[in-house]
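The values are calculated or read from the model by the stated rules, or taken from the named source; none is laboratory data. Note that the structure is predicted; figures quoted are calculated from it, not measured. Here the Cβ is made from the backbone with ideal geometry for all residues, glycine too, and neighbour counts use every protein chain on show. Keep in mind that these areas ignore ligands, DNA and RNA; they rest on the heavy atoms of the full protein, side chains included. Shrake-Rupley method; radii C 1.70, N 1.55, O 1.52, S 1.80 Å.
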Amino acid sequence: MSAEPDSASAQNITAFFAELSRIYSADRILTNNAQLAPYESDGLTCFRARPCGVVLPETQQEVIDTVRLCHRFEMPFIARGSGTSLSGGAVPIENGLVIAMNRMNKILDYDAEQLTAVVEPGVINLKVSQHVAGDRLYYAPDPSSGPVCTIGGNVAFNSGGAHCLKYGMTSNHVLGIKAVLPDGEIVNLGGDSLESVGQDLTGMFIGSEGLFGVALEVTLRLLPKPEKYYTLQAAYDSLEKAGNAVAMVVASGLLPGAMEIMDRLSMDAADAAIGAGYPQDAAAVLIVELEGTTDEVEAEMPLLHSVIEESGAYIVEAAKDDAHRTKIWTGRKSAFSAVGRLSPDFIVQDGVVPRTRLAEALAEIERLSGEYGIRVANVFHAGDGNLHPLVMFDGREEGALHKAEELSGEIIRLCIRLGGSITGEHGVGLEKRMYLGEMYGEDDIEFMHRLQHAVDPQKLANRGKKLPAATAPALLTRGAHPLEKQGVIFRD
Amino acid sequence: MQHDIPVDQIGPLGLPMAEAVQKCVHCGFCLPACPTYQVHGEEMDSPRGRIFLMKEVLEGNVALDEAEPYVDKCLGCVGCETACPSGVPYGELITAFRATSETKRDRSAIDKTLRRFILETLPYPGRFRMAAKLGGVGRIFRKAMPGRLGDMLDLLPAKLPAAQPLPEVFPAEGERKGRVALLAGCAQQVLAPDINFATLRVLAKNGIETVIPKQQSCCGALAAHTGAADQAKQFAKQNLKAFPTDVDAILTNAAGCGSGMHEYELWLRGEPEQAAAEEFVKRVCDVSVFLAKLGIVAPPELQTKTRLAYHDACHLAHAQKVKSQPRELLASIGNLELVEIPNGDMCCGSAGTYNIEQPETAAELGNQKARAVISTEPDVVATGNIGCMTQIETHLSNVVFGKRIPVLHTMQILDRAYRGEPLA
Amino acid sequence: MTTSSMHRPANIEELQDFVRASQNIRVCGAGTKPSLSSGAIVSTSGMSGILEYEPSEYTFTALAGTPLSEIRDALAENGQLFPFDPPLVEAGATLGGTTASGLSGPGRFRYGGIRDFILGVKMVTGEGRAVFGGGKVVKNAAGFDIPKLVTGSLGRLGVLVELTFKVFPIPETWTTIRADFRGLDTGNLAMIRLAMAQEELQCLDLEPSGRLWLRLGGLSAAVDGRVDRVRKLLQQVDAGVNVEVLSGTDDVHVWDDAREFRWVPENYQLIKLPVSSAQVVTAEQLLTEAGFESARRYSVGGNVLWLAIPESVGSDEVDRLCQQLGRPALALTGSWSDPQRGPRQGQAFAERLLTVFDPDSRFETAATA
Ligand SMILES: Cc1cc2nc3c(=O)[nH]c(=O)nc-3n(C[C@H](O)[C@H](O)[C@H](O)COP(=O)(O)OP(=O)(O)OC[C@H]3O[C@@H](n4cnc5c(N)ncnc54)[C@H](O)[C@@H]3O)c2cc1C
Ligand code: SF4
Ligand code: SF4
């Protein structure tokens, strides 16, 4: 294990915990091994780090006091939602403090007429939509992890989902944020109006992966729920054809709510998980969903059908009813986890490519997969060009993780080469930091470091994430990280 | 998930545990399904956290006694299994883990007494009856009892129904269409003997003859789920012998027993009886599954319109994946309106001995369930498990005063319907 | 507005040199929002032109000085539009100026404002550094969201040079519905109802008289049905409401006029006030009490109040109104010591970021932040 953070000596830690126990009752400060171990990693289990403690705040004031205490003691900290990050973003800082936000899960205010809800950051994404469903409203961003992940985590990562083509990501649905900066200062960003004046600080906070502090309260924008959905599943004999179909739909002038593609492997996995019933011999299935008023959707349907038929789909099937639609989406949304049935470990990539280069990217991934001899399942937000290649490996095999990471790296570079991004919605976290410099210039990266420094000179908040820092990466289950061995990343 | 579990050193249960851990991808989809996570909101009390903890204990990174409180808090409701897209057999993992760790753990004196008391009483109808009677008396001394024993007494009825011996064979009415064997259940026999009789009558009504093997023992679930592996094995072996093979099915009418019997193969891993257990398990099913498949004689319409809320017992819905069959059976009753309980997948907090071992969590879950039930404004509640019945009844009376909502077994409902009796 | 005093760099290098050599820099685009750029020293109008436009990607990249009208026309040729419906297009507004002012028009009601569609930015900071933030694809979570941050930054953080935006297809047909309610209360009530309804309106504006403006966009085959439904909803609020349906050029003119603020009387100063529909009635009362003349329009379902006041009305009056409503305001025209009025939020965060964007306070307006 690495040394304690330089700033926090053993003596300091004792004093720190003494102070901490003035904020929390004993049962809300977790320190023994059995309590800490389950907080060691997030949805990307190849990274792990043991915190020195976990606290379970129940009020905003407790969070504020905790952050101020951390600042005083120079104790690095991380806020944690449901730990579903797929990029290592929620991995603790070695010997730092974890602020687990899960008990801060109240919906503080809901105004149907103003189409807003004010929630605590520990509120589960899907709970918001459930809460407002009675007024036929919903909260649009729908990450597949919606039943699990928290609004705080969504804010940190600017999370998206299948239905982001039309209405955008978390950032487009958050009007205001109350946050505590890493030095303990409290700020109110944005407000409750769709419009604002002055620089968009709310937008800047969102997607900052916890580097700018802890969100305490989030004002969400709600939308009227579309009256009608029309969900179409089209089967193709090649992934490429499905990719091209997406471009054709876009060219037709239609603006579907969602366009998703699953390849054979991910269909098999989702089928095993929930019996989704995908066409047995299809190489790829495209899910397109129209949404809107009944009149509009019904007028769009024939157009969509003609485009899909022209695209070479050999089975076209529309959801029969709500239950069928739910099944299609449940299948799609369980795909990541369901891949656990095919492989004990996997890395989910999240690169974005220009939509017109989708087919090219998919073909190249297939080639790379063959070259490396590693299975890669593909399930992705095709409408946004946001790929999710799932690189499968067995962590128990010597060198398997290393090889999987190499392949992942090639895929990330491919996305950069094609003019895209290294991450569409899962964030940089720990996993993609070393690629940020390939997407942005050195100057830009340095600028980002300076922004972090300006807000958090001691790098207390989620130290070591998002930016390609030269210090403090998390520990790997099995000794040094391969990139560490190569000298690409370092530990201090 | 990657692991270093020394499979070979653990024995026959090492492999199933390692496989379960390996399948978990740490995605957290099970979190919202877990009752203890709902109550405590901390990772150690979630399925994902427990899987990780068990892995750490098996790998030797975390001491068993540190992990125990969290493993113990698990209800074994396997709601997490239903929620898990990756197909992690959580139920197998926790049962195996409890079996392998029990011998190593160091329980406090009071814990030991309590646990011995439970394990030596509940599985034996005679002893349980005795204890329950004492319980009624014990109420007077409630204050003097150590906390959890006292809590346990609260759950026992003040007055027990009269003991009714079960016949060895219960003949079919009219033409015999099939023959089954029934597990009588231990606590159920004592607390609500009517459930078995109702079951027998409903089966008979549908042309089924039932045998109730005299030599049968407790199903062993209670022992297995509290880590008393040897006792569980003994029970399983005895039942393998006691139940005939020339029946169409071996039926259970208590969800907990049914799911326990489905685990016989796991319990007897590495034992000479393993193969026999595998065969046995194939024939075990819940009475509702058997009847739904058979297709039942439609009961006469109810005299008064009745709203019935069906509660999914975890050991039916999650452990045995039985959700539609009881509903189908109930829906065949005319003038009965079947309503769904919101958040119905969530455990009521009963779960075997949970009430006794984790009273606070159990009470919180019980109250949550009671509130959910009441929100549907039912005339009557039906479920397929005696544990849930007791739990829901207790908490319903905690939450509402005045109007009593009866809680009945699905078979009792059918039986009453056949006999033209009102349900509520 | 004269442009003689302006420096108009022709490319980013010239701009960088200029910034490094100057103090008290004020930035403007074409000068359509004079209050935001008075005394401007540097104009981006010399850096103009669309750099990349790939219709099937739904994205374009253009230099900051590009007039919106030029981009609008290029988009329209390919059946696309600015989903945030920027104002003052005809007046000559540039892409950079609109971004820096954070302005969106009535059509932003449907999908979102300018902040929701900006994807990437290249800018020159106070140190004369060229910084790139965001990306060129429709989705990107890498790096900090600098593109969003600079939206509405009023040139305080630096000079925007190059911007990438997401665009959407133009609906096949447009229809406008005008509903005259008895008064503001009823009109506002109808606006709230319609905002909550599932009608997917493109625009939803209210005039203080109680006149409600709605716009539908979509396939022509569905228009009649949709109009009927909207009409019914309006009648549910007030059975006697007078409803008129406008299409073709009539429809276009309504929104052109709104977008270009043609309703603003000559010599009035224009102010943007973000509000909520719950505040509409209060705002009207406060304005009546304040006693000065004004013209108003509540746009975006009551989320913004466009307030036009005579030049004689001082900043005190505006500040008071801001205070009473608890909202900030932005003066688009007129002469103001600082065009941003009223309470400011998140200052601690803004100040920290500013030390990186403009450590030496070269940008004039930055000093007032
Ligand atoms: C099966 C599966 C499917 C997924 N599908 C999607 C998808 O479709 N789209 C998508 O975008 N993502 C998806 N994800 C990724 C993940 O769910 C999202 O990133 C989610 O937003 C994380 O939320 P969380 O509550 O789990 O946060 P965590 O993982 O706990 O934390 C994530 C980050 O947020 C920070 N954080 C948490 N709370 C706060 C707070 N209050 N203030 C400041 N920072 C905070 C943490 O420090 C950390 O950096 C998926 C994950 C899984 C496992
Ligand atoms: S849902 Fe399944 S795979 Fe995911 S964390 Fe839970 S047990 Fe593991
Ligand atoms: S069995 Fe029930 S209590 Fe135990 S972890 Fe699973 S869901 Fe939670």
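Scanning the range A:142-166 for residues that are of a type outside the set (A, V, I, L, M, F, W, C), farther than 23 Å from B:Cys80 by Cβ and either touching a Phe, Trp or Tyr at 6+ places or on another chain (Cβ under 8 Å) or within 16 Å of ligand 3 (Cβ to nearest atom) (or both) gives a single hit, A:Lys166.
Among the residues of the range B:63-92, just one is facing chain A (nearest Cβ under 8 Å), open to solvent by less than 10 Å² (accessible area, probe 1.4 Å) and more than 16 Å from ligand 1 (Cβ to nearest atom), namely B:Ala67. The number of residues in the range B:1-29 that are of a type in the set (Val, Ile, Thr) and touching a residue at least 60 places away in the same chain (Cβ under 8 Å) comes to 3. If you take the residues of the range A:416-446 that are outside any helix (DSSP H, G or I) and among the small types (Gly, Ala, Ser), which of them is farthest from the other protein chains (Cβ to nearest Cβ)? Filtering the range A:416-446 for residues that are outside any helix (DSSP H, G or I) and among the small types (Gly, Ala, Ser), the one farthest from the other protein chains (Cβ to nearest Cβ) comes out as A:Gly429.
Does C:Thr355 qualify as being part of a loop (DSSP other than H, G, I, E, B) and open to solvent by 10 Å² or more (accessible area, probe 1.4 Å)? It is false that C:Thr355 is part of a loop (DSSP other than H, G, I, E, B) and open to solvent by 10 Å² or more (accessible area, probe 1.4 Å). Listed residues A:Thr219, A:Thr150; which is within 16 Å of ligand 2 (Cβ to nearest atom) and under 22 Å from the mean Cα position of the chain (by Cα)? One residue alone meets the criteria, A:Thr150. Applying the criterion of being more than 18 Å from A:Thr294 (Cβ to Cβ) and polar (S, T, N, Q) to the residues of the range C:174-206, the residue that is surrounded by the fewest Cβ atoms within 10 Å (Cβ to Cβ) is C:Thr186. Scanning the range C:254-278 for residues that are more than 12 Å from C:Thr333 (Cα to Cα) and among the β-branched types (Val, Ile, Thr), we see that the one that is nearest to the chain's Cα centre (by Cα) is C:Val275.
Within the range B:25-45, being within 12 Å of ligand 1 (Cβ to nearest atom) and more than 7 Å from chain A (Cβ to nearest Cβ) holds for one residue alone: B:Cys30.
Could you count how many residues in the range A:201-234 are within 16 Å of ligand 1 (Cβ to nearest atom) and of a type in the set (S, T, N, Q)? Within the range A:201-234, residues that are within 16 Å of ligand 1 (Cβ to nearest atom) and of a type in the set (S, T, N, Q) number 3. One residue stands out among those in the range A:206-232 that are among the acidic types (Asp, Glu) and part of a loop (DSSP other than H, G, I, E, B): the one that is farthest from the other protein chains (Cβ to nearest Cβ), which is A:Glu209.
Yes/no per residue for (1) closer than 30 Å to A:Thr150 by Cα; (2) outside any helix (DSSP H, G or I); (3) touching a strand residue (DSSP E or B) at 6+ places or on another chain (Cβ under 9 Å); (4) within 9 Å of ligand 2 (Cβ to nearest atom):
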{"position": "B:Gln2", "(1), (2), (3), (4)": "yes, yes, yes, no"}
{"position": "B:Asp8", "(1), (2), (3), (4)": "no, no, no, no"}
{"position": "B:Glu19", "(1), (2), (3), (4)": "yes, no, no, no"}
{"position": "B:His26", "(1), (2), (3), (4)": "yes, yes, no, yes"}
{"position": "B:Val39", "(1), (2), (3), (4)": "yes, no, no, no"}
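Exactly one residue out of A:Glu366, A:Glu398, A:Glu371, A:Glu410 is under 22 Å from the mean Cα position of the chain (by Cα), over 22 Å from C:Lys166 (Cα atoms) and open to solvent by 20 Å² or more (accessible area, probe 1.4 Å), and it is A:Glu410.
Where helices (runs of 4 or more DSSP H) sit wholly within the range C:205-294, those with at least 1 residues that are over 30 Å from A:Glu296 (Cα atoms) and acidic (Asp, Glu) occupy C:280-290. If you go through the range B:378-419 and pick out every residue that is surrounded by fewer than 22 Cβ atoms within 10 Å (Cβ to Cβ), at pLDDT 90 or above and either farther than 28 Å from B:Gln320 by Cα or within 21 Å of the chain's Cα centre (by Cα) (or both), you end up with 3. Where strands (runs of 3 or more DSSP E) fall entirely within the range A:80-198, those with at least 3 residues that are facing another protein chain (nearest Cβ under 10 Å) and at pLDDT 95 or above are at A:174-180, A:186-190. Restricting attention to the range B:76-97, the residues that are closer than 20 Å to B:Ala255 by Cα, among the hydroxyl-bearing types (Ser, Thr, Tyr) and within 12 Å of ligand 2 (Cβ to nearest atom) total 2. Name the one entry in A:Glu113, A:Glu74, A:Glu62 that is in contact (Cβ under 8 Å) with a residue 60 or more places away in the chain, surrounded by fewer than 24 Cβ atoms within 10 Å (Cβ to Cβ) and more than 12 Å from ligand 1 (Cβ to nearest atom). Going through A:Glu113, A:Glu74, A:Glu62 in turn, the sole match is A:Glu74. So in the range B:46-62, with the set limited to residues that are outside any helix (DSSP H, G or I) and facing chain A (nearest Cβ under 10 Å), which one is farthest from B:His315 (Cα to Cα)? Here the residue is B:Asn61.
Pairing residues of the range A:196-225 that are more than 14 Å from A:Thr150 (Cα to Cα) with residues that are within 16 Å of ligand 3 (Cβ to nearest atom) and of a type in the set (Phe, Trp, Tyr), at Cβ distances under 6 Å and at least 6 apart in sequence or on separate chains, gives no pairs at all. Can you tell me which residue in the range C:207-264 is surrounded by the fewest Cβ atoms within 10 Å (Cβ to Cβ), limited to those that are without any contact (Cβ under 8 Å) to a residue 24 or more places away in the chain and under 27 Å from A:Leu254 (Cα atoms)? Per the criteria, the residue is C:Thr249.
Residue pairs, Cβ under 9 Å, 6 or more apart or interchain, first in the range A:321-348 and within 10 Å of chain B (Cβ to nearest Cβ) and open to solvent by 20 Å² or more (accessible area, probe 1.4 Å), second more than 16 Å from ligand 2 (Cβ to nearest atom) and among the small types (Gly, Ala, Ser). List them. Pairs that qualify, where the first residue is within 10 Å of chain B (Cβ to nearest Cβ) and open to solvent by 20 Å² or more (accessible area, probe 1.4 Å) and the partner is more than 16 Å from ligand 2 (Cβ to nearest atom) and among the small types (Gly, Ala, Ser), are A:Thr330/A:Ala276; A:Lys333/A:Gly161; A:Lys333/A:Ala162; A:Phe346/A:Ala404.
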